[in-house]
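Below: one structure, written as structure tokens.
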Amino acid sequence: MCASHVIIGDGIAGSSAAETIREADPDADVTVITEEGEALYNRILIKEFAKGKLPAAPVSIHDPDWYEERDIDLELNTVVTTVDTDGKEVHTHEGDIYEYDKLLVATGGTPTQLPVDNSDAEGVHHFWTFEDARAIKENAERSEKGVVVGAGLLGIDLAAICGAQGIDAHYLMRGNAWWRYALSEEGAEIIHEALRDVGVTPVFDSGVDHFETDEEGHVTAAVDPNGDRFEAEFAGVAIGLNFNTEFLRGSGIETDNGIVVDEHMQTNVEDVYAAGDITQFHDVILGDQAQNGAWGSAKEQGSIAGANMAADGPEETFEWVSSYSITHFDFPFLSFGHPTLGDDSVEKKYDEGTWRRVALKDGRVIGGVLIGDLAPQSGLKRLAREQVDVSGKEDLLLEEQIDVEAFEEPAAAE
């Protein structure tokens with residue numbers, strides 16, 4: 001009897017799992033269920049589409065034929081309402097039931113809405129799907145003034161879209177720097193200057209108290225908690241994700257701001273796995289539970305989950321040092337690992353456009369941010385991956401070139 005695999009979610013995690021399962025077991029039944037009305041697309045490239053720098057065609061990765069050629073059943077526009085882990089069934093809003101031997105949940109999240117008046121007005125955008133990107137592009141192309149809220153990696157995409165579309169925008173940040181948990185003010189100032197160069201003005205110790213709208217319900221301004229008013233026909237909000245786990249209530253699957261999984265991407269329920277940014281996974285490098293929404297990390301998690309689903313039991317382990325690049329400016333930017341965590345860090349500014357910070361935990365590299373010069377990333381990632389103790393040699397982490405061997409302890413005398 002053929003094994004039946006059901007995957008909820010057709011992002012890069014779910015799609016990678018489906019492909020891995022099909023390669024491992026040509027006879028298995030594989031079904032992919034997604035709420036979206038289109039097959040897998042590149043979430044990295046949708047920002048370039050919204051900026052007006054890229055046509056829609058290159059954004060798509062898979063078309064329905066890709067699934068048909070691999071004998072993968074793709075169910076678009078399908079909402080899962082419940083999962084019965086005792087009966088091993090997935091129930092949908094239309095009353096359909098999908099039986100499974102192994103289940104993967106890769107449903108990601110939904111952007112968090114600001115809890116302020118008029119946050120659902122026309123012209124207030126969240127940025128997560130290709131559909132979002134289309135609406136953002138359309139609104140941005142006809143807007144002259146805008147605001148952006150959310151001083152993180154998605155927020156800066158919205159700010160860059162404003163810059164590329166010629167919008168005179170204000171970037172409202174709660175703290176004193178962009179991504180202040182990963183960058184010091186010195187490092188963040190490189191980003192601030194780059195934003196100003198494209199017509200986006202950072203506003204610190206700010207935020208949104210409420211939005212103003214016109215008679216048609218379209219946003220006209222944002223008012224911050226200090227009472228300052230910023231005119232805006234376009235507003236971009238990126239303050240986090242609410243993870244899509246509501247349909248798992250009563251399933252017995254452990255959730256904690258996402259789905260809790262081990263290093264094999266397996267949940268606490270037998271034969272149920274999860275992958276992608278929805279997971280609270282056991283990071284063997286960090287030695288703790290962690291969450292990471294980077295594209296490469298989600299793809300690897302999907303592959304690991306798929307391999308373990310196709311096997312008799314968990315065999316593959318997720319060991320990954322993720323990275324995230326920003327390509328909006330004239331200089332390169334890369335973060336890796338967990339730059340917002342740790343108990344210590346070292347940093348250095350080399351010139352006006354080059355800066356580095358390395359985050360540490362228990363004397364080991366767990367993440368960092370590189371601006372301007374990305375060459376050290378391979379050495380730093382290797383130190384993190386191999387969990388090398390760098391205690392007492394932290395200054396070497398700031399050398400222009402990383403010599404991994406320099407961190408090895410000298411051989412003991414015979």
If you filter segment 204-305 for GluC sites (Glu not before Pro), then keep DSSP loop positions with at most 12 other Cβ within 10 Å, what is left? E215, E216, E270
Check cross-link reach from K51 to the lysines: straight Cα distance under 16 Å, and skip same-chain residues fewer than eight apart. K137, K145
Run the simple label-point estimate for D214 and E399 please: 7 Å along Cα→C-beta, distance reported in nm. 6.1 nm
Residues with amide H under 5 Å of K361's amide H, sequence separation 5 or more or different chain, H placed in the peptide plane at 1.01 Å from N; which? D343, I366
What shape does segment 311-414 take by its C-alpha gyration tensor, where a ≥ b ≥ c are the square roots of the eigenvalues and a/c under 1.5 counts as rounded, a/b above b/c as prolate, and the rest as oblate? oblate
Could you calculate the contour length gain from T317 to V203, that is, 0.36 nm times the residue separation minus the distance between their Cα atoms, to one decimal place in nm? 36.7 nm
Please find, in a Gaussian network model of the chain (springs between Cα atoms separated by less than 10 Å), the residue of P339, P111, P58 whose mean-square fluctuation is greatest. P58
For segment 320-326, in order, what is each residue's ³J(HN,Hα) by Karplus, 6.51 cos²θ - 1.76 cosθ + 1.60 with θ = phi - 60°, in whole Hz (x at glycine and Pro)? 8, 9, 6, 9, 9, 10, 10
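Within segment 53-138, list the GluC sites (Glu not before Pro) lying in a DSSP loop whose Cβ has at most 16 other Cβ atoms in a 10 Å radius.
Working: sites: E68, E69, E75, E89, E94, E99, E122, E131, E138; in loops: E94.
For GluC sites (Glu not before Pro) across segment 53-138 that sit outside H, G, I, E and B with at most 16 neighbouring Cβ atoms in 10 Å, the list reads E94.
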Given labels modelled 7 Å from the Cα in the Cβ direction, how far is it in nm from Q113 to E99? 4.0 nm
What is the spin-label model distance, in nm, from E270 to R249 if the labels are put 7 Å beyond Cα along the C-beta direction? 2.8 nm
For I259, enumerate residues with amide H under 5 Å from its amide H, sequence gap 5+ or separate chain, H modeled in the peptide plane. T279, Q280
Non-local residues with an amide H under 5 Å from the amide H of G207, with H modelled 1.01 Å from N and Pro and chain starts lacking one, are M173
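Pairs of alpha-carbon atoms within less than 8 angstrom and 6+ residues apart define the contacts here; what relative contact order does segment 218-285 have, in percent? Don't skip to the answer; put the middle values down first.
Numbers: 74 pairs, mean separation 14.2, N = 68.
Relative contact order, segment 218-285: 21 percent.
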Three-way shape call for segment 307-353 based on the alpha-carbon gyration tensor, with the a/c threshold at 1.5: oblate
Antiparallel content of DSSP bridges confined to segment 165-228, in %, to 5: 50 percent
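Under a Cβ-Cβ cut-off of 15 Å, what is the net charge of the residues other than K53 that fall near it, where Lys and Arg count +1 and Asp and Glu count -1?
So the environment of K53 carries a net charge of 0.
No value in this document is a laboratory result; all are computed from the given coordinates. Everything quoted here is computed from the prediction, not taken from an experiment. Every residue, glycine among them, receives a Cβ derived from its backbone with ideal geometry; neighbour counts consider all protein chains shown.
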